[in-house]
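Enquirer: Have a look at this one.
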Amino acid sequence: MNSNGQPPPPPLPPPPRSVRFAYTTDVIPTPQQKGPEERHSERPHLPAPLHRESGNGLLGLKIRNFGSLIIAQNYERMQGTGSAVWQAAEAMLQMMKLPAYMSMLHGRKVLELGAGTGINSLAAAMSNANVVATDGDPDSLALIQENIKTNQFQLPRSVAVRNLVWGNQEQIQSIKAEFGLFDVILGSDILFEAIEGQLLVTIYELCAMQGVVIMTHTPREPSRENMLLQSFATYFNMTEVCPVLLATMAVGRLDSILR
């Protein structure tokens, strides 16, 4: 009861921000046979070369064509998972080709978390979005810059690149001060390396009140990753999206997030 003898008002409902989420399953390539030194290495298993690669480019980069986009990968020299285009990133790329998503991106402020090669940031820019590509790995940031340079003449807008370690308030506030809040936040396979709470805080701080978060993910540790998703439900409306069919992978299966 308050001072007027009235009961306190009910708590405010969660803000009308939403998460659109899709699982892609059975698409992780079988690791190639490795020598003894590589088998004992702590380096993460990265994608094997796919049929659209064109061999060694400048600085040993592996080049792949995605329609009009030319994307360099560097998984032979980089240690992080952002060195290659993973299948979840391809699923995101296919989703962004759908008319509904192209309309959602057009003219909007878009943030990509864990951008890796930057392929989805570039694709969003092709839809005339104002894009900021972020990653916490300096090697990935350099690779993103390389891919922006390669594709710069066909981009209707430039793509900004910023360092962002999830949960780092100094970096979060710096991005917010420079760009404001974002209408759309993209993330492919960002649950793979997410630390509980840090990813959620980063997205919550940077997503506009009417914003949308679009995530695609290949499950690796389902129980832990589902717990991360459950934590989003307190602050976001969770929505499943339609399956995605990729030329280089199986049909993406959508599992219910919250039952």
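Any read-out appearing in this document is the output of simple, stated calculations on the displayed coordinates, not a laboratory observation. What you see is a predicted model; the values in this text were computed from it and never measured. Neighbour counts are summed over all protein chains in view; Cβ atoms, including those assigned to glycine, are modelled from backbone coordinates with ideal geometry.
Enquirer: Determine the sum of side-chain charges near SER127: Lys and Arg each +1, Asp and Glu each -1, restricted to other residues whose C-beta is under 15 angstrom from that of SER127.
Expert: Details: positive: LYS97, ARG108, LYS109, ARG157; negative: GLU112, ASP183.
So the environment of SER127 carries a net charge of +2.
Enquirer: Could you pull out every residue, at least 5 positions away or on a different chain, whose amide H is within less than 5 Å of the one on MET238? Hs are placed 1.01 Å off N in the peptide plane, and Pro or chain starts have none.
Expert: Under 5 Å from the amide H of MET238: VAL19.
Enquirer: Determine the shape class of segment 152-193: with a ≥ b ≥ c the square roots of the Cα gyration tensor eigenvalues, call it rounded for a/c under 1.5, and otherwise prolate if a/b is greater than b/c, oblate otherwise.
Expert: Details: a/c = 2.06, a/b = 1.29, b/c = 1.60.
In terms of gyration-tensor shape, oblate.
Enquirer: If you plug each phi of segment 111-120 into the Karplus form 6.51 cos²θ - 1.76 cosθ + 1.60 with θ = phi - 60°, what whole-Hz ³J(HN,Hα) values come out, in order, with x for Gly and Pro?
Expert: Couplings: 10, 10, 9, x, 5, x, 7, x, 4, 6 Hz.
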